[in-house]
Amino acid sequence: MRNEFNTPWLISKTNQPVLSVDESNRAEQIARNYLKDDPALSGEWFKRRGVTSGWAPGPSLYIEDHRSIDLTTEADAHSFEYRSMSLASDGDYYLVSSPRSREYENYLRDSVGLAAPTVLEIPSSDVILSRRMAAACCNHEQLLNTLSNAAKAGNGLNIAPFISSGDIWRLGSEIARRSQCQIRISGPPPRLANCANNKLWFAELVCALISRSALPLTYAVYGLASAASGVQKLARISDQIVIKVPASAGAMGNIVLDSSDFSTTRLTDIRNILLGNLKEIGWSGQFPLLLGVWDQAVSSSPSVQMWLPYSTQG
């Protein structure tokens, strides 16, 4: 069940934004600068092993795994695993950890009328040990043989992950090695995917591509003392402040603070309040953290990562 664009995800075309020549040239130059500073963004190592970004008609493996996101628990990740199944078609594959929800699979097929992909199950104990579904799959001979045979039969295989992490690409390279077929990942190379999910990196990119005025006041803090000092300063100019674990997602890493609570609070007390809030959301103690102004005059709050392939990549 594909849409008019023949892609594994839903696309609704509403308008066609056009960049000027100057804007396109500027974006290209920024991209070249990033690649010069961090060549791993291109994913060249994986390309040499038969794995590239892209998508083409043929069998696809869908993996909805949130475990690579900071603050995600095993229970949270397991509950999300079936979310992408509605995208899969007959002839596709869908990876879940045990136990399978056959009742939900039957509901999607029989009641909703969706396709019936081949569901591949990996033991949850293997996933917990490896910490990622794709990493666990790399150590599972039967699943690797199934996917390698699918790639051979389909003259290649697409892997459509929730997040295009290093484990996903490592799985792709292992299938490519076994099948000697091209493996396409529906997402950016892993280093770029990690950067795009980092709110501090993304804020820097917004400033470079548009301007600093295009985002609320945002900066990195490298300790709780500097975070407390920053909160105290921002409380004088904004009604609300946010501190974020920058590589989390789905607002799990957001702590929104009311500035009025800090107008007369000592720095030591602010530090303790921040530490308590961060521990409550499961923060591991890593820095930097993002500190910024929480905008309120907003009509909507989209939270979207979009990977837009070149037309030559499908």
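Helices in the chain, meaning DSSP H runs of at least 4 residues, each add -39500 (n - 2.57). Divided by all residues, the mean residue ellipticity at 222 nm is -10500 deg cm²/dmol.
Relative contact order of segment 120-246: 17 percent, from C-alpha pairs under 8 Å at least 6 residues apart in sequence.
The lysine pair tally for the chain, using Cα distances under 26 Å and a gap of 8 or more places or different chains, is 9. Here the chain carries DSSP beta bridges of which approximately 40% are antiparallel, counting only pairs with both residues inside. Taking θ as phi - 60° and the Karplus parameters 6.51, -1.76 and 1.60, the scalar couplings of segment 170-175 work out to 5, 4, x, 5, 6, 5 Hz in sequence order, x denoting glycine and proline. Under a 10 Å cutoff between Cα atoms, tell me which one of 242, 206, 18 has the largest fluctuation in the Gaussian network model of the chain. Comparing 242, 206, 18 in a Gaussian network model of the chain, the most mobile one is 18. Rounded to the nearest 0.05, the FRET efficiency derived from the C-beta distance between residue 145 and residue 27 at R0 = 41 Å is 0.45. Once divided by 2.2 N^0.38 Å, the Cα radius of gyration of the chain becomes 1.12. Using a simple spin-label model with pseudo-atoms 7 Å out from Cα toward Cβ, residue 208 and residue 178 lie 3.8 nm apart. Overall, the accessible surface of segment 182-250 at a probe of 1.4 angstrom is composed of carbon and sulfur to the extent of 58 percent.
Fully extending the segment from residue 256 to residue 102, taken as 0.36 nm per residue of separation minus the present Cα-Cα distance, adds 51.5 nm. Take the Kirkwood radius over Cα pairs of segment 151-217, plug it into Stokes-Einstein at 10 °C and 1.306 mPa s, and you get 116 µm²/s for translational diffusion.
Positive end of the dipole of the chain, charges at C-beta (+1 Lys, Arg; -1 Asp, Glu), about the Cα centre: which of 85, 101, 268 has its Cα farthest in that direction? Farthest along the dipole direction, towards plus: 268. Rounding to the nearest 10 and keeping the result within 0 to 90°, find how far the Cα-based axis of helix 21-37 lies from the longest principal axis of the chain. Tilt relative to the chain: about 90 degrees. For segment 192-243, what does the alpha-carbon gyration tensor say about shape, rounded, prolate or oblate, given a ≥ b ≥ c as the root eigenvalues, a/c under 1.5 as rounded, and a/b over b/c as prolate? Note, shape of segment 192-243 comes out oblate. With the simple spin-label model, which puts each label point 7 Å out from Cα in the Cβ direction, the residue 239 to residue 281 separation comes to 2.1 nm.
Of the Cα atoms belonging to segment 1-154, the radius of gyration and Dmax stand at 18.9, 54 Å. When the trypsin sites (Lys or Arg not before Pro) in segment 47-108 are filtered for DSSP coil states and for at most 13 other beta-carbon atoms within 10 Å of their beta-carbon, the remaining sites are 48, 83. Segment 166-181 and segment 28-80 have Cα centres separated by 13 Å.
Couplings for segment 117-125, taken from phi via the Karplus curve 6.51 cos²θ - 1.76 cosθ + 1.60 with θ = phi - 60°, read x, 6, 8, 9, 10, 10, x, 4, 5 Hz in order; Gly and Pro are left as x. The Kirkwood hydrodynamic radius of segment 123-257, based on inverse pair distances between different Cα atoms, is 17.9 Å. With contacts taken as Cα pairs under 8 Å at a separation of at least 6 residues, the chain carries a relative contact order of 19 percent.
For segment 191-229, chymotrypsin sites (Phe, Trp or Tyr not before Pro) meeting the loop criterion (DSSP other than H, G, I, E, B) and having at most 10 other Cβ atoms within 10 Å: 222. Taking Lys and Arg as +1 and Asp and Glu as -1, the other residues whose beta-carbon sits under 14 Å from that of residue 296 total -3.
The values are calculated or read from the model by the stated rules, or taken from the named source; none is laboratory data. Small disclaimer: the values here were computed from a predicted structure and weren't measured. Note: ideal-geometry Cβ built from the backbone for every residue, glycine included; neighbour counts use all protein chains shown. Accessible surface areas use protein heavy atoms only, side chains included; no ligands, DNA or RNA. Shrake-Rupley method; radii C 1.70, N 1.55, O 1.52, S 1.80 Å.
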